[in-house]
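Notes follow once the structure below has been shown.
Please treat every number below as a calculation from the coordinates, not as lab data. This structure is a prediction, so every number in the text was calculated from the model and none was measured. Positions of Cβ are backbone-derived with ideal geometry, glycine not excepted, and every protein chain shown enters the neighbour counts.
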Amino acid sequence: ASRMDEMDGLFTEFFRSLTARARPMLEVEASDLVRELTDGRYERMEFDDNYRVKVLDRFDDSYAIERFSGGESDVASLSARVALSRIVASRGGNTMGFLVLDEVFGSLDAGRRNNVLLALERLKRSFGQIFIISHVAEVQESALVDEVWMLEEDEEGKSTVRRVNIPMMPPSGAIAG
């Protein structure tokens with residue numbers, strides 16, 4: 001029992017040490033993203049010791065993530081997830097080759113959806129390719145999406161994937177869809 005208590009203490013200290021080093025980096029990266037995705041409406045993201053999120057506006061008013069609508073909490077969550085991915089990639093000395101986002105647009109209104117797409121276009125420099133899985137037609141039809149692939153299921157339950165030809169637009173250096 002004393003060895004278990006000692007091990008528990010060591011793990012607790014390790015967690016505190018890791019949190020003390022990682023949290024400031026995560027807050028900086030996530031704050032940059034949330035500021036960009038909300039057009040400056042929110043300035044910063046902060047994380048407590050258990051990584052619960054608070055978002056601060058330009059007046060330094062602080063809001064718990066539970067206060068936000070689905071779309072706003074999605075933007076905060078996306079900011080935190082992408083920030084963490086960037087930190088992990090940079091700590092390994094690598095640029096991540098790609099980022100996969102599954103159904104992140106469903107609860108966003110048209111304005112926020114466009115903000116997220118524009119931010120993802122800028123993020124492509126960090127990730128190379130961004131794969132978006134989405135049922136939202138506006139995302140699939142966006143000029144910022146380079147390619148669209150459809151997954152279709154036949155009557156027997158067999159799935160096939162096909163590339164959808166999209167009208168050629170001027171190159172945007174945008175997102176792989």
The extension gain from residue 57 to residue 21, computed as 0.36 nm times the residue separation minus the Cα-Cα distance, is 10.5 nm
Modelled FRET efficiency - R0 25 Å, residue 88 with residue 43, Cβ distances, 0.05 increments: 0.55
If you project the alpha carbons of the range 11-59 onto the principal axes, what extent comes out on each, in Å, largest first? 40, 15, 14
What stretch of the chain, leaving out the sites themselves, is the longest with no GluC sites (Glu not before Pro) in a DSSP loop having at most 16 other Cβ atoms within 10 Å? 1-102
Excluding the sites themselves, what is the longest stretch of the chain that contains no trypsin sites (Lys or Arg not before Pro) in a DSSP loop with at most 16 other C-beta atoms within 10 Å? 59-157
Relative contact order, percent, the chain [alpha-carbon distance under 8 Å, six or more residues apart]: 16 percent
Label-point separation in nm, residue 1 to residue 133, each point 7 Å along Cα→Cβ: 4.7 nm
What FRET efficiency comes out for residue 102 versus residue 67 if R0 is 30 angstrom and r is the Cβ-Cβ distance? Round to the nearest 0.05. 0.75
Bin all alpha-carbon pair distances of the range 81-149 at 5 Å intervals from 0 and give each bin's fraction as a whole percent. 3, 16, 28, 25, 15, 9, 4, 1
Debye equation applied to the C-alpha atoms of the chain, log10 I(q)/I(0) at 0.08, 0.10, 0.13 Å⁻¹: -0.33, -0.50, -0.76
What is the helix-to-structure angle for 70-91, meaning the angle in degrees between its Cα long axis and the longest Cα principal axis of the chain, kept from 0 to 90 and rounded to the nearest 10? 70 degrees
Relative to the first principal axis of the alpha-carbon coordinates of the chain, what is the inclination of helix 2-37, with its axis defined by its Cα atoms, in degrees from 0 to 90 and to the nearest 10? 40 degrees
The range 23-124 - convex hull of the alpha-carbon atoms, volume per residue in Å³: 99 Å³
Acute angle (nearest 10 degrees) that the helix 110-127 long axis makes with the longest principal axis of the chain, alpha-carbon atoms: 80 degrees
